[in-house]
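Asks: Structure below; questions to follow.
The values are calculated or read from the model by the stated rules, or taken from the named source; none is laboratory data. Just so it is clear, the structure is predicted and the values come from calculations on it, not from any experiment. Backbone-built Cβ (ideal geometry, glycine too); neighbour counts: all protein chains shown. We work out accessible area using only protein heavy atoms, side chains counted, and drop any ligands, DNA or RNA first. Shrake-Rupley method; radii C 1.70, N 1.55, O 1.52, S 1.80 Å.
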Amino acid sequence: PTGRGAKAKKSRSSRSSRAGLLFPVSRIDRQLRRGRFAERLGARAPVFLAAVLQWVTHKTMDMAGKISKRSNQHRISPGHLQMAVRNSSALKQLLLGKPRHHSRAVPQSQRVAAPSRKRKAK
């Protein structure tokens, strides 16, 4: 079809590749819509969120990799990730909240000083 009025066939490209991102824009868009966080959602919102998530991940992993290299280890451990967040002011401000301890042990409730419920035998 090389005649007059013939259109060139467009090659398909994902929204992630058009935005120059590695994180999946379409998946983030789907999750935002399913989550019903707002009645309306702009077309650029998932692109921006994917870019932010990619930046946070890249910065965290980059710093954790440098920390693991300094300690002569080949793998990034959770401790390296924690140190990376603690050492970066931007990541600390973004991610720091109450510390969350994900341990397998179930915490026991504290005993409150209360009067004994034992009944006296008469």
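Asks: Quick check on the range 17-42: of everything there that is part of a helix (DSSP H, G or I) and either of a type in the set (Lys, Arg) or over 17 Å from the mean Cα position of the chain (by Cα) (or both), which residue is nearest to Trp55 (Cα to Cα)? Spell out how you get there, then give the answer.
Replies: Here is the first cut: in the range 17-42, the ones part of a helix (DSSP H, G or I) are 17-19, 25-35.
Imposing the further condition that a residue be either of a type in the set (Lys, Arg) or over 17 Å from the mean Cα position of the chain (by Cα) (or both) reduces the set to 17-19, 27, 30, 33-34.
Working: Ser17: 16, Arg18: 17, Ala19: 14, Arg27: 17, Arg30: 20, Arg33: 22, Arg34: 24 Å.
Applying the filter and picking the extreme gives Ala19.
Asks: Something else: Scan (1) part of a helix (DSSP H, G or I); (2) at pLDDT below 95; (3) open to solvent by 60 Å² or more (accessible area, probe 1.4 Å) for the single condition Lys7 breaks and write down its number.
Replies: So the condition that Lys7 fails would be (1).
Asks: Mind checking which pairs have a first residue in the range 18-42 that is among the small types (Gly, Ala, Ser) and a second that is surrounded by 12 or more Cβ atoms within 10 Å (Cβ to Cβ), Cβ under 8 Å, 6 or more apart or different chains?
Replies: So the pair list comes out as Ala19/Val25; Ala19/Val47; Ala19/Ala50; Ala19/Ala51; Ser26/Arg15; Ser26/Ser16; Ser26/Pro46.
Asks: Right, here's the next one. Select from the range 81-97 the residues that are among the basic types (Lys, Arg) and closer than 16 Å to Val52 by Cα and list them in ascending order. Give the derivation first.
Replies: First pass over the range 81-97, keeping only residues among the basic types (Lys, Arg): 86, 92.
Within the range 81-97, just Lys92 meets the criteria.
Yes/no matrix, rows are residues, columns are (1) open to solvent by less than 100 Å² (accessible area, probe 1.4 Å); (2) over 17 Å from Leu96 (Cβ atoms):
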position: Ser26; (1), (2): yes, yes
position: Glu39; (1), (2): no, yes
position: Val47; (1), (2): yes, yes
position: Val52; (1), (2): yes, no
position: Lys59; (1), (2): yes, no
position: Met63; (1), (2): yes, no
position: Gly79; (1), (2): yes, no
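Yes/no per residue for (1) under 30 Å from Val25 (Cβ atoms); (2) at pLDDT below 90; (3) touching a strand residue (DSSP E or B) at 6+ places or on another chain (Cβ under 8 Å):
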| position | (1), (2), (3) |
| --- | --- |
| Val47 | yes, no, no |
| Leu53 | yes, no, no |
| Lys59 | yes, no, no |
| Lys69 | no, no, no |
| Arg86 | no, no, no |
| Ala90 | yes, yes, no |
| Leu95 | yes, yes, no |
| Lys98 | no, yes, no |
| Pro107 | no, yes, no |
